[in-house]
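Structure first, then comments.
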Amino acid sequence: MTDIAAETGRQIREMRKKRGMTLAELAAEIHKSKATISKYEKGEISMDVETLYEIADALHIRVEQLLCRRPAAEAAGPQVDAPGFFAGLARFYGYIFDGRDDHIIQCVFDVLSKDAPGRYRVMMYMNYPDLAHYRQCETTYHGYAEHYDALTDIDLTNQDSPMEKASCKVLAAYLDAPTKWGLWTGVSSRPIMPVAAKILLSKSPLAADAELAKRLKISREDIRLLKLYNMLPVT
């Protein structure tokens with residue numbers, strides 16, 4: 001068993017369970033035996049690229065969600081031509097305060113690959129139960145991060161409900177810092193309505209505590225600027 005096979009197998013098992021599929025159902029979808037799928041999930045045997053894509057299609061996810069992310073890749077990062085805050089990051093984190101039930105929504109952004117100069121394919125995992133299993137989240141998005149000196153624009157599509165398009169705008173990404181403020185826009189499902197919120201991006205995980213919640217809540221200064229501009233600015 002290799003570390004890559006074991007990690008890929010774990011991702012397959014977790015995604016299969018998230019989709020509510022049994023071993024037998026997944027096996028039937030890709031025309032393999034139940035025993036073979038079990039061995040894939042345990043990392044006992046490796047699979048070819050074609051099988052990996054077939055499994056991703058059967059689970060209705062992107063194949064990148066099954067791939068093993070090596071720690072070394074996180075340290076080096078694929079964003080070699082990204083500005084300031086994003087330079088070299090293979091993963092970063094986002095935090096939004098949800099006033100409907102007074103909790104912090106935690107997000108993980110995985111940078112997958114370069115699509116064009118200054119443009120990268122990304123996955124975003126929102127509202128996960130714990131960081132160690134962040135892909136087992138409430139909502140998964142796929143899309144692109146496009147970097148300019150004055151602005152980074154992250155455009156996303158809900159993987160399970162493509163009608164929902166979301167975006168994150170980050171001002172002055174060329175200025176490096178441990179954290180950056182952005183504006184998140186998307187669709188609320190409780191109730192269904194367009195929404196906009198402050199999002200704090202971080203290079204490393206933050207403690208979801210009362211201090212962070214205070215930073216994320218709409219402040220008096222935010223309200224003052226909202227009244228002044230008749231819009232929610234985030235700087």
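The values are calculated or read from the model by the stated rules, or taken from the named source; none is laboratory data. As the structure is a computational prediction, the values presented were derived from the model and not from experiment. Positions of Cβ are generated from backbone atoms using ideal geometry, with glycine treated the same way; all protein chains shown enter the neighbour counts.
Scanning segment 209-221 for residues that are closer than 19 Å to ASP130 by Cα and surrounded by 14 or more Cβ atoms within 10 Å (Cβ to Cβ) turns up LEU212, ALA213. Against the test of being surrounded by 10 or more Cβ atoms within 10 Å (Cβ to Cβ), closer than 15 Å to ILE105 by Cα, in contact (Cβ under 8 Å) with a residue 40 or more places away in the chain and assigned by TED's automatic domain parsing to the domain that holds VAL108, the options LEU183, LEU175 yield a single qualifying residue, LEU183.
Condition test on ILE199, is it modelled with pLDDT under 95 and either assigned by TED's automatic domain parsing to the domain that holds ASP101 or more than 15 Å from MET126 (Cβ to Cβ) (or both)?
Details: modelled with pLDDT under 95: no; either assigned by TED's automatic domain parsing to the domain that holds ASP101 or more than 15 Å from MET126 (Cβ to Cβ) (or both): yes.
When the stated conditions are applied, ILE199 does not pass them.
For ARG224, the conditions (1) exposed (fewer than 12 other Cβ atoms within 10 Å of the Cβ); (2) in a loop (DSSP other than H, G, I, E, B); (3) at pLDDT 90 or above all hold with the exception of (2).
When you check ARG121 against the structure, is it surrounded by fewer than 16 Cβ atoms within 10 Å (Cβ to Cβ) and farther than 20 Å from ILE12 by Cα, yes or no? Please lay out each step first, then the result.
On the way: surrounded by fewer than 16 Cβ atoms within 10 Å (Cβ to Cβ): no; farther than 20 Å from ILE12 by Cα: yes.
The answer is no for ARG121.
When the strands (runs of 3 or more DSSP E) confined to segment 82-140 are screened for residues that are farther than 15 Å from THR152 by Cβ and touching a residue at least 40 places away in the same chain (Cβ under 8 Å), those reaching at least 3 such residues are found at 91-98, 103-116.
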